Amino acid sequence: VPTFNDKQMLAMEYPPKPLLILAGAGTGKTTTIVGRMAHLIQKQNATPESILALTFTNDAADHLKKKLIENIGESGENIHACTFHAFAQAQTNIYYKEIGYSEPPTI
C-alpha cells in the first residue's frame with residue numbers, strides 16, 4: 001500500500017466531481033489517480049463504469065487500469081481508461097450526424 005503526501009491525500013479525497021491533476025514526471029500522479037479512483041469507488045459509492053480516465057498513451061491507460069485492479073480487484077476492469085484520441089474517435093463515431101457528417105469519419 002503506497003503512502004501519500006498531504007497534496008495527494010487532498011486529491012484522493014476531493015469531492016466526487018471532475019478533477020485535473022497536473023504534476024511533473026515521477027511525482028506520483030498515477031499513484032494519486034489510482035488512489036482517487038479507488039476512493040471514489042470504495043468510499044463515495046461511485047461505480048467503476050462511471051469513471052473515465054483519459055491519458056496520452058495506450059500504455060498509460062493500460063497501466064492505470066492494471067494498478068486499479070491490483071488495488072480494488074476485478075471491478076477495476078469496468079472503468080473506462082483510454083487515450084484522449086480514442087475517446088474523441090468513439091464519441092465522433094456515435095454523434096457523427098449531429099456534427100454534420102453523413103457517415104463516421106476516419107482518422
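Here are some notes:
- Checking the stated criteria, Ala86 turns out not to satisfy the condition of being surrounded by 18 or more Cβ atoms within 10 Å (Cβ to Cβ) and either of a type in the set (A, V, I, L, M, F, W, C) or at pLDDT below 95 (or both).
- Residue match in the range 25-37 (condition: within 24 Å of Thr3 (Cβ to Cβ), exposed (fewer than 13 other Cβ atoms within 10 Å of the Cβ) and out of contact with any helix residue (DSSP H, G or I) (no Cβ under 9 Å at 6 or more places or on another chain)): yes
- Yes/no for Met12 being in contact (Cβ under 8 Å) with a residue 12 or more places away in the chain, surrounded by 14 or more Cβ atoms within 10 Å (Cβ to Cβ) and in contact with a His (Cβ under 6 Å, 6 or more places away or on another chain): yes
- The residues listed here are Leu19, Leu40; of these, the one that is within 12 Å of the chain's Cα centre (by Cα) and either surrounded by fewer than 14 Cβ atoms within 10 Å (Cβ to Cβ) or part of a loop (DSSP other than H, G, I, E, B) (or both) is Leu19.
- The set of residues in the range 22-43 that are within 15 Å of Leu68 (Cβ to Cβ) and either among the polar types (S, T, N, Q) or touching a Ser or Thr at 6+ places or on another chain (Cβ under 8 Å) (or both) comprises Thr30, Thr31, Thr32, Ile41, Gln42.
- Output for the range 43-57, where each listed residue is within 11 Å of the chain's Cα centre (by Cα) and either in a helix (DSSP H, G or I) or of a type in the set (D, E, K, R) (or both): Pro48, Glu49, Ser50
- Neighbours by Cβ (under 6 Å, 6+ apart or cross-chain): first from the range 69-91, in contact (Cβ under 8 Å) with a residue 12 or more places away in the chain and farther than 16 Å from Thr55 by Cβ; second in a helix (DSSP H, G or I) and among the charged types (D, E, K, R): Asn78/Glu49
- Residue count for the range 78-93 under the criterion of being in a helix (DSSP H, G or I) and either in contact with a helix residue (DSSP H, G or I) (Cβ under 6 Å, 6 or more places away or on another chain) or within 14 Å of Ala46 (Cα to Cα) (or both): the result is 1.
- When the range 1-16 is filtered for residues that are under 17 Å from the mean Cα position of the chain (by Cα) and within 24 Å of Glu74 (Cβ to Cβ), the ones remaining, listed by number, are Met12, Pro16.
- Out of Tyr14, Tyr101, sole residue that is modelled with pLDDT of 95 or more and hydroxyl-bearing (Ser, Thr, Tyr): Tyr101
The values are calculated or read from the model by the stated rules, or taken from the named source; none is laboratory data. What you are looking at is a predicted structure, and each value in this text was computed from that prediction instead of being measured. Cβ: placed from backbone, ideal geometry, glycine included. Neighbour counts: every protein chain shown.
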